[in-house]
Amino acid sequence: YCAIKRFAEDNVSVYDVGDRLCNVIVEITLTVDPNGGTYNSTTNNTIYQVETEATQNVGDPIRSGYTFDDWTLVGQGTFLNGTFTAGFDYATLTANWITWPSLTANLSGGTTTQTFDAGYEANSEVVLVVPTRTGYEFNSWTVSGKGASVSGNTLTMGTANTTITANWLAFASMYTYT
């Protein structure tokens with residue numbers, strides 16, 4: 001007879017294997033918590049039964065407005081490069097997220113047809129539509145926010161909340177009369 005003990009259960013299952021040798025097989029429960037994201041097409045926890053010292057591949061979850069950072073392991077086992085190796089007791093992997101920086105557009109009295117998302121991934125590029133303002137000519141954008149920059153009408157998001165400000169030239173100040 002062979003016994004299988006699952007730590008998540010109180011009982012031990014016994015199987016008749018005849019005259020064959022029996023190794024003790026221990027399975028642990030691995031819980032994968034997407035922590036507000038989606039993993040394996042669900043926002044609920046995913047449960048795996050993993051034999052001790054066996055491996056379970058764990059992919060990256062997704063979450064709108066966030067960048068997946070890594071997994072935090074609580075319990076026994078190891079996690080390296082997307083592979084969990086079971087220890088001798090339960091384990092939970094919890095997703096860690098980085099919030100995308102927000103973008104605020106100060107049009108300084110102008111208008112634009114462009115709509116902006118609530119946040120953008122760090123280092124992503126946003127093509128800016130040139131705004132308009134009666135009696136003024138658009139001159140340039142000024143940007144503030146850690147690591148953010150603007151080149152022409154292309155904004156590169158930084159790692160912190162960012163504000164872009166439209167700069168204008170009044171028609172009267174554009175020309176010098178002599």
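The values are calculated or read from the model by the stated rules, or taken from the named source; none is laboratory data. Not measured: the values here are computed from a predicted model. Here Cβ is always computed from backbone atoms with ideal geometry, including for glycine, and neighbour counts include all displayed protein chains. Accessible surface areas use protein heavy atoms only, side chains included; no ligands, DNA or RNA. Shrake-Rupley method; radii C 1.70, N 1.55, O 1.52, S 1.80 Å.
Using all pairs of distinct alpha-carbon atoms, the Kirkwood hydrodynamic radius of region 61-178 works out to 17.5 angstrom.
Accessible surface for Arg63 stands near 70 Å², nearest 10, in the context of the full protein assembly shown (1.4 Å probe).
Accessible surface computed residue by residue for region 40-154, with neighbouring protein chains in place and a 1.4 Å probe, gives 60 Å² per residue. If R0 is 22 Å, the Cβ-Cβ spacing of Val129 and Ser149 corresponds to a FRET efficiency of close to 0.75. All other residues whose Cβ lies under 15 angstrom from that of Ser102 are scored, Lys and Arg at +1 and Asp and Glu at -1, for a net of -1. Distance from the alpha carbon centroid of region 92-167 to that of region 24-45 works out to 37 angstrom. For Asp89 and Thr38, the FRET efficiency from 1/(1 + (r/R0)^6), where r spans their Cβ atoms and R0 equals 30 Å, is about 0.65. How many percent of the accessible area of region 50-178 is carbon or sulfur, using a 1.4 Å probe? About 49 percent, which is the carbon plus sulfur part of the accessible surface.
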